[in-house]
Amino acid sequence: MKQNTHEIQTVAVIGCGFIGYSWGIVFARAGLRVHMYNRKSPTLDSVKDRMREGLTFLAEEKVIEPEEVEAAINRVQTFDDLKAAVKDADYIQECMWEDLPLKQRIFRELTELTDPSVPIGSSCSGLMISDITSQVTNGKERCVVAHPTNPPHLIPFMEISGDKASPQIKDRVFHFMESVGQKPIQCREVYGYVLNRLQLSLIQEALYLVKEGICDVPAVDQALTDGLGLRWAFTGPYGVEELNSAGLGEGLEKYKDYMIEFFTEHQQKVLDYDQDFVENCVRQFRPVMNGMDHKEYLLWRDRMVTRARKLKE
Ligand SMILES: NC(=O)c1ccc[n+]([C@@H]2O[C@H](COP(=O)([O-])OP(=O)(O)OC[C@H]3O[C@@H](n4cnc5c(N)ncnc54)[C@H](O)[C@@H]3O)[C@@H](O)[C@H]2O)c1
């Protein structure tokens, strides 16, 4: 991890669900004090235990030392009072449900409750920060999208955007995220940002292939896990074009007609699907899980991702 040169010592995580608990691990691992906020709920009651489980997994995979587990947990405090949670915070990571009115309300409150120097990042997956901050009267420039890949304590890619945010704040969040081990990019505001736009394009085709009976669900997943995915962990689509011919420039020229023809004549849009289709996909997917239930499949995925990351590093 790079040095945290931005004097962020305390982070408030707003929302303790799937993404919040995982962000909590990222920040606690990096040696920061972490304030975990949620309304009173079993989610809040269990968050430290879930974080301990996540950290123990990292120790088992030898990503961290065993003694780091309790040391990190000792830096975590839970709150059901928003004002108390954000008092003393130097950075805020919002992780509430993907619901525009809820995020608008929480951003209004967060900008009113905190010092103007505190950057506020939203984990939101598709919404635009300009819409989220539309009711903020003072402090839009310190609000950004800080969208992680699930789960951020295992997968480091994240996106920072906000056309109304100041460039200084975006740079500060960028460097802070690097200092806690994330691999951020910056992009302009667009629905879905970069990762989800790429992912949704692929899911669109995955749905089309199964819906039209061209192949089954396991075949689609296998095209990624035994094919594209093996390359993509190391070379992205542009890297693939570089290596598919004598170089990227030549590749983009050589395959231009083929790609344009595909985009215009052969690419279909799936605009709807019904319950039967969903049930059929679920049935076809079962064998892909190799006898594992959902929880076991998740743990297996986490283990494989962690090992692949080690190989990359
Ligand atoms: N799950 C993913 O794969 C993923 C990936 C990247 C980003 N995100 C984004 O992260 C954000 C959080 O998603 P998640 O999957 O963690 O959701 P989640 O449902 O697991 O967690 C949301 C949390 O917000 C809390 N909450 C909701 N309303 C509240 C309120 N009024 N007051 C206090 N607490 C409240 C809920 O109790 C819950 O703990 C969303 O914006 C989502 O789009 C999710």
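Cα-Cα over 24 Å: which of 40/140; 40/164; 40/103; 83/103; 62/295; 211/256? Numbers along the way, then the final one.
Details: 40/140 28 Å; 40/164 33 Å; 40/103 18 Å; 83/103 16 Å; 62/295 21 Å; 211/256 28 Å.
Cα-Cα > 24 Å for 40/140; 40/164; 211/256; rest within.
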### Task
Starting from the Cα-Cα distance between residue 300 and residue 150, subtract it from 0.36 nm times their residue separation and give me the gain in nm to one decimal.
52.5 nm
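Mean projection of the alpha-carbon convex hull of the chain over all orientations, in nm²? Kindly include the intermediate steps, with their values, before the conclusion.
Working: hull surface 73.2 nm².
Its average projected convex-hull area is 18.3 nm².
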### Message
With just the Cα atoms defining each centre, how far is the range 253-303 from the range 63-119? Give it in Å.
### Response
35
### Task
Choose one answer from 141, 94, 296: the residue with the largest mean-square fluctuation in a GNM of the chain with alpha-carbon springs under 10 Å.
296
### Within a Gaussian network of the chain (alpha carbon springs, distance under 10 Å), most fluctuating of 163, 216, 272
272
### Query
Which order do 161, 125 take when ranked by solvent-accessible area (1.4 Å probe, heavy atoms of all protein chains), largest first?
125, 161
### Message
Once R0 is set to 25 Å, what does the formula 1/(1 + (r/R0)^6) return for the Cβ-Cβ distance between residue 276 and residue 214, expressed as a FRET efficiency to the nearest 0.05?
### Response
0.90
### Task
Give, as a single signed number, the net charge of other residues whose beta carbon lies under 13 Å from the beta carbon of residue 255, with Lys and Arg counted +1 and Asp and Glu -1.
-4
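Only loop residues by DSSP count here, and only those with at most 13 other Cβ atoms within 10 Å; note down the trypsin sites (Lys or Arg not before Pro) in the range 57-146 that meet that. Mind showing how you got there, number by number?
On the way: sites: 62, 75, 83, 87, 103, 105, 108, 140, 142; in loops: 62, 75, 87.
Passing sites in the range 57-146 are 62.
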### Task
Sticking with the crude label model, points 7 Å out along Cα→Cβ, report the distance from residue 250 to residue 290 in nm, one decimal please.
3.9
### Query
On full extension of the chain, what length is gained from residue 97 through residue 46, given 0.36 nm per residue of separation minus the C-alpha to C-alpha distance?
16.6 nm
### Query
So how tilted is helix 275-285 from the main axis of the chain? Cα-based, degrees 0 to 90, rounded to 10.
90
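Using a 10 Å cut-off on Cβ atoms, rank the peptides 166-178, 245-257 from the highest mean neighbour count down. Could the numbers behind the result be given before it?
Values: 166-178: 18.4, 245-257: 12.6.
Packing proxy ranking, top to bottom: 166-178, 245-257.
Can you give me the relative contact order of the range 13-153 as a percent, contacts being Cα pairs under 8 Å and 6 or more apart? Please list the in-between numbers first.
Values: 225 pairs, mean separation 37.7, N = 141.
Once normalised by length, the contact order is 27 percent.
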### Message
Over the Cα atoms, compute the radius of gyration (one decimal) and Dmax (the largest Cα-Cα distance, rounded to a whole number) for the range 178-243, in Å.
### Response
14.9, 47
### Cα Rg, Dmax, the range 1-118, angstrom units
14.2, 42
## Note on the structure
In degrees rounded to 10, the 0-90 angle between helix 18-29 Cα long axis and the longest Cα principal axis of the chain is 60
### Query
Helix 42-60 versus the longest principal axis of the chain: what angle, 0 to 90°, nearest 10, using Cα atoms?
70
### Query
Which residue, 39, 29, 231, has the most motion in a Gaussian network model of the chain that connects Cα atoms within less than 10 Å?
231
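The values are calculated or read from the model by the stated rules, or taken from the named source; none is laboratory data. None of these values were measured; they are calculated from a predicted model. Here the Cβ is made from the backbone with ideal geometry for all residues, glycine too, and neighbour counts use every protein chain on show. What goes into the accessible areas is simple: the full protein's heavy atoms, side chains included, and nothing from ligands, DNA or RNA. Shrake-Rupley method; radii C 1.70, N 1.55, O 1.52, S 1.80 Å.
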